[in-house]
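The values are calculated or read from the model by the stated rules, or taken from the named source; none is laboratory data. For clarity, every value in this text was computed on a predicted model and none was experimentally measured. Neighbour counts run over all protein chains shown; Cβ positions are idealised from the backbone, glycine included. Please note that ligands, DNA and RNA were not included when accessible areas were found on the heavy atoms of the full protein model with its side chains. Shrake-Rupley method; radii C 1.70, N 1.55, O 1.52, S 1.80 Å.
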Amino acid sequence: AGVRIAEIYSHLNGQEYLEARKPDLWDEIKRVIEGVDASSCFTKVSKEVRKQGRTVYSPTALNEAFVTGFEACTPPWKELRVGYWVCSDPEINRRIAELEPVEQKRLIEKAGLIPRKTSNQVDFVKDGVAVEVQFGKYSFVAHDLFVKHMTFFSMGRIKVGIEILPMKTLSDEMSSGPTFYEKDLNNLVRQGRSTPAVPLVLIGVDL
């Protein structure tokens, strides 16, 4: 069975931006999703109590199938990793968010504080659009939405972030209790219409 898009939620006009400004990329993303062969990922024998001995979908294999799809595009989607500097002062962190790393470090030191090097990474980026495929634990999605996409947007590296998640019906057929679309949609809308302050698209996939 192939994967299909079951639900889409657009936050701060993320989908509208893609349709108006990046229609070819938006079509490419949908083609990659629909090109994933889920049946080839139906390979894991569950060790969970409630699914003991049942064959279920492997989150790792599904992730790898998405990686193959995005990397096969022309040009391929590529990982983006960015290093930057932070400090213990919230005001300075706000002021330096959009600066180049060398300038961030200089201003932190000028304030008499210790600069701390850190980095952020997103799986797939092309032409200002970032995509994360998340079949992992619940906490990973919050980190993607409120930290990864937000950080790259504030740095001017992306214009919109996309999160691909399993619907609950698919999640129930996977091992290791991954997150699911309905739960993360609820977590997002509870923050209000403008938080996080980055255009996002949540995509729920099913079979």
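Assorted remarks:
- Cα-centred dipole magnitude for the range 99-176, charges only on beta-carbon of K, R (+1) and D, E (-1), debye, nearest 20: 420
- Looking at the chain alone, DSSP beta bridges between its own residues are antiparallel in about 65 percent of cases.
- Within the range 85-136, none of the chymotrypsin sites (Phe, Trp or Tyr not before Pro) combine a DSSP coil assignment with at most 10 other C-beta atoms in a 10 angstrom radius.
- Our helix-only sum for the chain, with -39,500 (n - 2.57) per DSSP H run of n ≥ 4 divided by its residues, gives a mean residue ellipticity at 222 nm of -10000 deg cm²/dmol.
- Portion, in percent, of the accessible area of the chain that falls on carbon or sulfur, probe 1.4 Å: 50
- Taking the longest Cα principal axis of the chain as reference, the axis of helix 23-34 is set at about 40 degrees.
- In the context of the full set of protein chains, the chain has a per residue accessible area of 51 Å² (1.4 Å probe).
- Taking the alpha carbon gyration tensor of the chain, multiplying each eigenvalue by 5 and rooting it gives semi-axes of 33, 19, 16 Å, largest first.
- Across the options Ala142, Trp77, Pro199, the greatest Cα extent toward the positive end of the charge dipole of the chain (unit charges at beta carbon of Lys, Arg, Asp, Glu) belongs to Ala142.
- Loop-located trypsin sites (Lys or Arg not before Pro) in the range 125-207 whose Cβ has at most 16 other Cβ within 10 Å (DSSP): Lys137, Arg157, Arg190, Arg193
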